[in-house]
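Let me begin by handing over the structure; questions about it come next.
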Amino acid sequence: MKILNKLLCVFLSVLLAYPSIALAEEDEPPKIHNIKKNERAPFDGVLLNPTAAAKILADKSFYEKECDLRIKYEVDKESAKLNTVLKNQKVACESLENRYAAIIKIKDEEIKRLSSIVIDKKDYSTLWLTGGVLAGIGLTIAVMYAVER
């Protein structure tokens, strides 16, 4: 049994070292040949060997998928750009709104402060007028009294 297991291990190792793909026949390169009418064909056309026909069919499906991937990539790229621009504009708008709100708050506080100064200010203009008139009368009397003497 041990010998059989050892032989099996050696056989499997050899199979792993030389995979069957390496021993496969290489495909014939793609060949395309133009033919004319009555040259072993009933019409003009193009003759393809199986490798060339398979390559054309495989490339066709590959190109469709590649085109779909390119379209999806470009759409996603533009979408990402526009989303970034939109987010930047939203941030700029919010910052301007905050700035203007702060300016309006400062203006309102200044208006309240100035209004309170005007309201709290005591008006002494009538006292000044009365004092001026009394002082003028007093000076006039004093001058008249001084002149009579």
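Any residue that is among the β-branched types (Val, Ile, Thr), at pLDDT 75 or above and surrounded by 10 or more Cβ atoms within 10 Å (Cβ to Cβ) - is there at least one of those in segment 54-61? Full working, then the answer.
Let us first name the residues in segment 54-61 that are among the β-branched types (Val, Ile, Thr), namely 56.
Filter once more, so that each one left must be at pLDDT 75 or above: 56.
Then drop every residue that is not surrounded by 10 or more Cβ atoms within 10 Å (Cβ to Cβ), which leaves 56.
Yes, the conditions are met somewhere in segment 54-61.
Further, regarding this structure: Of the residues that make up segment 1-10, is at least one outside any helix (DSSP H, G or I) and either under 41 Å from the mean Cα position of the chain (by Cα) or at pLDDT 70 or above (or both)?
So far as segment 1-10 goes, yes, one or more of its residues are outside any helix (DSSP H, G or I) and either under 41 Å from the mean Cα position of the chain (by Cα) or at pLDDT 70 or above (or both).
Moving on to the next point. Determine if segment 72-83 includes at least one residue that is part of a helix (DSSP H, G or I), loosely packed, with under 10 Cβ neighbours inside 10 Å and among the β-branched types (Val, Ile, Thr).
No, that holds for no residue.
The values are calculated or read from the model by the stated rules, or taken from the named source; none is laboratory data. On a predicted model such as this, the values are computed, not experimentally measured, just so you know. Positions of Cβ are backbone-derived with ideal geometry, glycine not excepted, and every protein chain shown enters the neighbour counts.
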